[in-house]
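Please read the structure below before turning to the comments.
None of the figures in this text is laboratory data; all of them are computed from the coordinates on show. Just so it is clear, the model here is predicted, and its values are computed rather than measured. Cβ coordinates were reconstructed from backbone atoms using ideal geometry, including for glycine residues, and neighbour counts include every protein chain displayed.
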Amino acid sequence: MCYAFPIAAIYLPFAAYLLAPLDRIMFTLYKLNWRAWRLSMFINLIPGILSIIILVFLPESAKFLLFVGKDKLAYETVDRLYKLKRKRDLASIGITAINDPDSPVKLKEKSNCCIEIWRDTVPLFKRPYVANFMICSIILCGILFVGTGISLWFMELRQLMGNTHMTVCQMLQENKSDIGNTKHDCPSRTSILIDCIFLGGTFLSCCILLSLFLLFMQHYQILFLFTTIATVCGLCLNFLSSQVPILVATALFTTMCTSCIPLISSVLLDLMPTHIRGMAISMAFLFARLAVILANILLGFCMVSSCLLTFNIFVAVTLMVVILTCLLPK
């Protein structure tokens, strides 16, 4: 999961960069004129199709199957994995069944879907899980608010930035008349795609650093370090006036936050019991996606009219995440 995001962030602009010069009809298939944008959409579908095929062959968690009372399926899952690793089955070592003695007693009566969802959701907002769940959810909301929000507007921001020595907000004010003009052409499409590839490369570098830090640092320490660096980079955007430093600071501001998504997700999973982990992750990402929507609305409506305030709201959110990481269980 940690490396899937940056690879996708590199793959998409790189494919667009290769297809950008092909601004013509390449071939006709079933009365459809295939231009670069159609081929680009097809290329972007390939990872999704491969993922669906791979998901078919992935086994369910044996621990989860034991919890829901499917002991036979759990045994088959473990037996399948054992065969892949040891080239023999569990029966050859005398194991013919598995069970979980600590699994709670299952309810015998059948419940409908709504009742099951309610039973899984209510414990998240009660002691002893509510505090850790809310802290992790707010951190995830803040990370996605900053990382995903600015990343989605990255190409537009880079397009509006010229080569003059001005801060981000000064450049946005300078090009205010171009914003919202749906008919203007992109004068430097290739350079913007290169910037997006750089953003993906920075993202990948942050994920590699995160993997290395996990060898000798705790989760909360890495979260604190990355979000602190992101906060500093966000503050620097108020003062930087050269194109390259602005690009680097913007990339670090977003990727230092976004690379922490798998990290805070794993922290949340560690803090929740097995039977509500799925619901905990689902609820946390539900709140986080609402934060992404809010971030995009904020940038769309206030990026130019209240530029300094808007960008510093993102910095303040990152600073809030830094503070909340100190409250995570050590």
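Suppose a student asked you for the relative contact order of segment 194-275, using Cα pairs under 8 Å spaced at least 6 residues apart; what percent would you report?
The value is 41 percent.
Take the alpha-carbon centre of segment 276-330, take the same for segment 1-51, and report the distance between them in whole Å.
30 Å
If I take every Cα pair under 8 Å that is 6 or more residues apart in the chain, average their sequence separation and divide by the length, what percent do I get for the relative contact order?
27 percent
Scan segment 235-307 for chymotrypsin sites (Phe, Trp or Tyr not before Pro) in coil per DSSP, keeping those whose Cβ has at most 11 other Cβ atoms within 10 Å, and list them by number.
F239
When K72, K330, K31 are ordered from fewest to most other Cβ atoms inside 10 Å of their Cβ, what list results?
Listed from fewest to most nearby Cβ atoms, that is K31, K330, K72.
Would you mind classifying segment 213-296 by shape? Square roots of the alpha carbon gyration tensor eigenvalues, ordered a ≥ b ≥ c; an a/c under 1.5 is rounded, otherwise it is prolate if a/b is larger than b/c and oblate if not.
Oblate.
Answer with a single label: of (1) -0.33, -1.37; (2) -0.21, -1.35; (3) -0.29, -1.29, which was calculated as log10 I(q)/I(0) by the Debye sum over Cα atoms at q = 0.06, 0.15 Å⁻¹ from the structure in view?
(3)
Rounded to the nearest 0.05, what FRET efficiency is calculated for F239 and L50 with R0 set to 51 Å and r the Cβ-Cβ distance?
The value I calculate is 0.70.
Name the residue, out of P47, P13, P245, whose mean-square fluctuation peaks in a Gaussian network model built on the chain with Cα pairs under 10 Å.
Of the options given, P47 has the highest mean-square fluctuation.
Could you please rank R86, R158, R35, placing first whichever residue has the fewest other Cβ atoms within 10 Å of its Cβ?
The most exposed by this proxy come first: R86, R35, R158.
Distance in nm between label sites at I293 and V122, each 7 Å beyond Cα in the beta-carbon direction?
Here the answer is 2.7 nm between the modelled labels.
HN-Hα J couplings of segment 307-313 from phi, Karplus 6.51/-1.76/1.60, θ = phi - 60°, integer Hz, Gly and Pro as x?
4, 4, 5, 4, 5, 6, 5
Please turn the phi angles of segment 321-326 into ³J(HN,Hα) values with the Karplus equation 6.51 cos²θ - 1.76 cosθ + 1.60 (θ = phi - 60°), one per residue in order, whole Hz, x for glycine and proline.
These are the phi-based 3J(HN,Hα) values: 5, 4, 5, 5, 5, 6 Hz.
Running a GNM on the chain with Cα contacts under 10 Å, which residue among F203, F311, F64 ends up with the highest mean-square fluctuation?
Checking each option, the largest mean-square fluctuation is seen for F64.
Relative to the first principal axis of the alpha-carbon coordinates of the chain, what is the inclination of helix 4-19, with its axis defined by its Cα atoms, in degrees from 0 to 90 and to the nearest 10?
Around 40 degrees separate the two axes.
Within the chain, what's the longest stretch lacking GluC sites (Glu not before Pro) that sit in DSSP loops with no more than 14 other Cβ atoms inside 10 Å?
It works out to 110-330.
Suppose only helical runs count, i.e. DSSP H with n ≥ 4. What mean residue ellipticity at 222 nm does that imply for the chain under -39500 (n - 2.57) per run, divided by all residues and rounded to the nearest 500 deg cm²/dmol?
Helices in the chain give a 222 nm mean residue ellipticity of -22500 deg cm²/dmol.
Under the Karplus relation 6.51 cos²θ - 1.76 cosθ + 1.60, θ = phi - 60°, what is the ordered set of whole-Hz ³J(HN,Hα) values for segment 284-294, x standing for Gly and Pro?
Coupling constants for segment 284-294: 4, 6, 4, 4, 5, 5, 5, 5, 5, 4, 4 Hz.
Let's test the formula: R0 of 22 Å, r as the Cβ-Cβ distance of L214 and E156. What FRET efficiency results, to the nearest 0.05?
Computed FRET efficiency for L214 and E156 comes out at 0.05.
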